[in-house]
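Input: a single structure, listed below in structure tokens.
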There are 2 protein chains.
Amino acid sequence: MLNLDTICLGVLYSGSKTGYEIHKIINNDFKHFQTASYGALYPALGKLEAKALITSKNKNVQAQQQSLPKKKYTITDDGRINFQTVIKGTKAQERLSSDFLAAFYFSDHLDPEDISTLIDQQLSTLQGNYKDLISVPLSTMPDGQRFGIRYTIAVNRAATAFLKGEGRAIQTSLTRK
Amino acid sequence: MLNLDTICLGVLYSGSKTGYEIHKIINNDFKHFQTASYGALYPALGKLEAKALITSKNKNVQAQQQSLPKKKYTITDDGRINFQTVIKGTKAQERLSSDFLAAFYFSDHLDPEDISTLIDQQLSTLQGNYKDLISVPLSTMPDGQRFGIRYTIAVNRAATAFLKGEGRAIQTSLTRK
DNA sequence: GCCAGCATGTAAAAAGTTACATGATTCC
DNA sequence: GGAATCATGTAACTTTTTACATGCTGGC
């Protein structure tokens, strides 16, 4: 997997940001394939700064010293080079990371009602994701980002369609037993 | 995420197995949504045994003492209860864990040829996965497992179709620039 | 006799989560 | 003045990967 360091470099590529802003971007815009907690983010930013791939500027070094500085992080030329190199070396991999599939795999050890619940939950999860995805303002974003959203929508639709057909059929056959 | 402990319990639910066999099952049958290294697996089994959710029996306590025992792990009644409880409490979640989407998200900072490579790679990854999926002997497996495979195939097909259409279109528009 | 596959494990390091701890700013 | 949001960070813990280390067994 593309690690958090590289994700941060990618986010900073288009302009300087605070850690808080980076966190927001990852957990909103990227939530369909990636999230990050502060406990992972700040150490990652620290590491990147130590490697001089980013620099930080304290935004308020005014008279009064505050306990915590408000830093704005900026990608360096080395950081841009590193990002390019890592992306070029990244294999396009993908996996459905799915509790639903895992649980369903063991469905022959589960009660029919649990299986039915699982399918209902998954459908509602997919529908929730779908709502998120279609509410994104596609027209105002770069091509790559728009493409990613539409790709994810296509996958979501296929999963939903399959579940509505086959999943419902399984539920029906279970309740008949 | 459903953790490795629970996956192990699920695998052992249908019969006793060695760590090696569990590893093989996870990394072959489950590879579309889960993998596990030995370095994660054996400690997990040790933990489960300490909690008495599984027991182990040394298969060769013959005369000669070997450096490493060959253990067969068996799920206990407590283990079955624990498995049921955890599954019932599991939310059906799912996410596309994707280096492809991550890299593509930053495509406005990449060279056209890199983007093109990314799409080609992703298509070949999807096609590789597809081959794996259709080579599974569907007719001999439990309903739940067959359902999971077909669900994954449906998603894979949608992704491939989208990429073949939209992805190719992007490649063409890039090379025209 | 050798090689592929069976078999088990540990150690170091990486990566991340959760919970905690603190304080500033902005808008109502 | 209070609430929401902005903002940064640490500490303990959990999980996992990678690399190492060892040895048996069955088939050719």
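The values are calculated or read from the model by the stated rules, or taken from the named source; none is laboratory data. The model shown is predicted, which means the values in this text are computed figures rather than measured ones. Note that each Cβ is placed from the backbone with ideal geometry, even for glycine, and that neighbours are counted across all protein chains shown.
Can you find a residue in the range A:155-169 that is outside any loop (DSSP other than H, G, I, E, B) and out of contact with any helix residue (DSSP H, G or I) (no Cβ under 8 Å at 6 or more places or on another chain)? Yes, the range A:155-169 contains a residue that is outside any loop (DSSP other than H, G, I, E, B) and out of contact with any helix residue (DSSP H, G or I) (no Cβ under 8 Å at 6 or more places or on another chain). Checking each residue in the range A:1-13 for being within 9 Å of DNA strand C (Cβ to nearest atom) and at pLDDT 95 or above picks out A:Asn3, A:Leu4, A:Asp5, A:Ile7.
Residues being more than 8 Å from chain A (Cβ to nearest Cβ) and either over 30 Å from A:Ser116 (Cα atoms) or in contact with a strand residue (DSSP E or B) (Cβ under 7 Å, 6 or more places away or on another chain) (or both) are represented in the range B:78-97 by at least one member. For the range B:57-75, the condition holds for at least one residue, the condition being that it is at pLDDT 95 or above, within 14 Å of chain A (Cβ to nearest Cβ) and surrounded by 14 or more Cβ atoms within 10 Å (Cβ to Cβ).
Residue by residue, here is whether (1) closer than 15 Å to B:Phe106 by Cα; (2) of a type outside the set (A, V, I, L, M, F, W, C); (3) in the same structural domain as A:Ile81 (by TED's automatic domain parsing) holds:
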| residue | (1), (2), (3) |
| --- | --- |
| A:Leu9 | yes, no, yes |
| A:Gly15 | yes, yes, yes |
| A:Ile26 | yes, no, yes |
| A:Thr35 | no, yes, yes |
| A:Leu45 | no, no, yes |
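Among residues belonging to the range B:130-159 that are at the interface with another protein chain (Cβ under 10 Å from one of its Cβ atoms) and over 16 Å from the mean Cα position of the chain (by Cα), point out the one that is surrounded by the most Cβ atoms within 10 Å (Cβ to Cβ). Residue satisfying both the conditions and the ranking: B:Ala159. Would you say A:Thr117 is more than 7 Å from chain B (Cβ to nearest Cβ) and more than 30 Å from A:Arg176 (Cα to Cα)? Considered against the rule, which asks whether it is more than 7 Å from chain B (Cβ to nearest Cβ) and more than 30 Å from A:Arg176 (Cα to Cα), A:Thr117 comes out as no. For the criterion of being within 20 Å of A:Gln93 (Cα to Cα), touching a residue at least 60 places away in the same chain (Cβ under 8 Å) and not assigned by TED's automatic domain parsing to the domain that holds B:Val11, B:Asn156 fails.
Okay, residues lined up against (1) of a type in the set (D, E, K, R); (2) part of a helix (DSSP H, G or I); (3) touching a residue at least 12 places away in the same chain (Cβ under 8 Å); (4) within 16 Å of DNA strand C (Cβ to nearest atom):
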position	(1), (2), (3), (4)
A:Gly15	no, no, no, no
A:Glu21	yes, yes, no, yes
A:His32	no, no, yes, yes
A:Ala44	no, yes, yes, yes
A:Lys47	yes, yes, yes, yes
A:Gln84	no, yes, no, no
A:Phe100	no, yes, yes, no
A:Ile115	no, yes, yes, no
A:Leu118	no, yes, yes, no
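Within the range A:1-29, the set of residues being of a type in the set (Phe, Trp, Tyr) and away from DNA strand D (no atom under 11 Å from the Cβ) comprises just one member, A:Tyr13.
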